[in-house]
Amino acid sequence: MNFDKRYAEFMNATKSEAGKDVNPGGYYKAIWARDAAFILKDQFLSGQYESTLYQSLLIWSNQIGTEVSPLLLYCSNLKKRPLLYGRGSPELNFKSNFVDSSTINKFEGAIPTTIYFERGFCEIYGKNPDIDSTALMIHITSWILTNLIAIKERNENLSANTVTINDMPSNKEGQSIFLNVSLSGIINFFVPRMLKAVTYLQSRDIDNDGLLEQKHNEDWMDTLLRTGKVVYSQACWILALKSLSNLLKIIGNYDESKNLENMAYRTIHAVEEKMWSNKDNCYADTLDADLHLDEKMHNRLVTQDISLYLVALTESSQDIFTDNNDNIQITTNGELYYKQFNHDDSEIHQRAINTLNTLKKRTWKNNLPLVTEKEVAKTGPWRLNPHEYHNHTFWAWITGIEMIARNRFNMMDDFTYLLSKFVSEDNVIHSNMLHEWVHPLTFQGNGAYPFRTGISAIRIAVTEFLIKNMVQKCQ
């Protein structure tokens, strides 16, 4: 395989998607926070610093219980929107409800699942705000700010103290949505909101064992009715804690940084102690016995999204970005970034390798990695047929996460094989694979097209691969 040509073809063919809005693409017009986290990272890696700040500020301005800051935002449309919840919850009969004052206090600090800017409301899909939407926005916002600080320290072409956001939309009076503000002002906008979000997520550890609990459909796979302790959700939480801890350390808040670091390692310890399955030879969800849940789910059905935990384990301090000409830049922290890929023979490392081997053995079907190892009978709010949506299908989004994990654990043959599902040996893009999801028997693309979340996840994986190889050549 000529990987260089395939890399270039995929990145060039999908470059235009990285420069668009952070909605998932296709017929999706609203913003899903969990999807936005991947799209924002792709945009930042493509050098679109101002755009990522603009979109991040808009998302955080819709944090539950937090007022929009007049110091940073000036837009008549940014008023508090009605907030709905419960459409994905069997306990609420899959019906939307308006959040009342007593409920909103319980949700304070969370990010809504979906922000419908055009329709003028926000939605929490389940009974409670999903863990991943809030945690992934903490993670990516901290990552963006950390890298922006590094860029300003190293690039003399950028002002050391201010960020000017040009060519951004105006409000109906024709006034700029953003004022020119200092970088410290931007950080001061985000950090209190992210700490409030951390406080909300802490409240989801109901039994104080270091693991967050969720109710039905409070994660990306919002039809499988998972309830209990989900590996993927713990991974999102760990990413949030690590990234925010790193940012706080850089800006001099050492005590809070250390506190979050300790919380991250407590969660990792809890996952290792309670969510490793010797029987399955991989990490597995610990789900509640629940009449709404498919029996297969009770029996530790293997899901592809456990690979995000391996990404969270290997996430560390890093300053990696591209300039506005799409040239990869590696800062003096590049060596530290490379070191995250070097693993000893520890038990956790072996468990990670075993998990990736188990995923290949049990979820790869018809030469495609699928999001569930088997078909699931019970789903909701609507019943899914086999090979439909989340039910035993291929998703580029989650495959991108698995590719990141395989790259970080040096499973390069598997990584390049998965890339070949998107680009042929003749360097032709398989456009059907850029749909939201793919039928694993017919290879027919379904759902939204082009699905920006999946495209961004693959682009991030390929970019990491390139950076890793560039760093290795410099050693």
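Key figures for this structure:
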{"item": "Two-site label geometry, H430 and D4: point separation in nm, points 7 Å out along Cα→Cβ", "result": "2.5 nm"}
{"item": "Burial order of peptide ranges 91-104, 346-359 (average beta-carbon count within 10 Å, highest first)", "result": "346-359, 91-104"}
{"item": "Entries in K106/K374; K274/K374; K41/K360; K41/K421 that, when Cα-Cα distance is taken, lie over 29 Å", "result": "K106/K374"}
{"item": "Per-residue ³J(HN,Hα) for the stretch 360-371, Karplus 6.51 cos²θ - 1.76 cosθ + 1.60, θ = phi - 60°, Hz, x for Gly and Pro", "result": "5, 6, 10, 10, 7, 10, 6, 6, 10, x, 10, 6"}
{"item": "Residues whose placed amide H lies under 5 Å from that of D130, excluding near-sequence neighbours", "result": "T113, Y125"}
{"item": "Under 23 Å from the Cα of K473 - lysines, other chains or at least 8 residues apart", "result": "K5, K339"}
{"item": "Karplus (6.51, -1.76, 1.60) ³J(HN,Hα), θ = phi - 60°, over the stretch 303-310, in Hz, Gly and Pro reported as x", "result": "10, 5, 6, 5, 5, 5, 5, 5"}
{"item": "Ordering of 133-144, 360-371 by packing [mean C-beta count within 10 Å, highest first]", "result": "133-144, 360-371"}
{"item": "Built amide H within the under 5 Å cut-off of D205, gap 5+", "result": "E213"}
{"item": "Under-5 Å amide H pairs with F121, H placed in peptide plane, nonlocal only", "result": "Y116"}
{"item": "Given K15/K242; K20/K365; K152/K242; K196/K229; K279/K365, the pairs whose alpha carbons are separated by over 24 Å", "result": "K15/K242; K20/K365"}
{"item": "Table column - 3J(HN,Hα) (Hz), the stretch 81-95, Karplus curve with 6.51, -1.76, 1.60, x for Gly and Pro", "result": "9, x, 10, 10, 8, x, 5, x, 9, x, 5, 10, 6, 6, 10"}
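Readers should treat all values here as calculations from the given coordinates under stated rules, not as data from a laboratory. Source: prediction; values computed, not measured. When we count neighbours, we look across all protein chains shown, and the Cβ atoms used for this are built from the backbone with ideal geometry, even at glycine.
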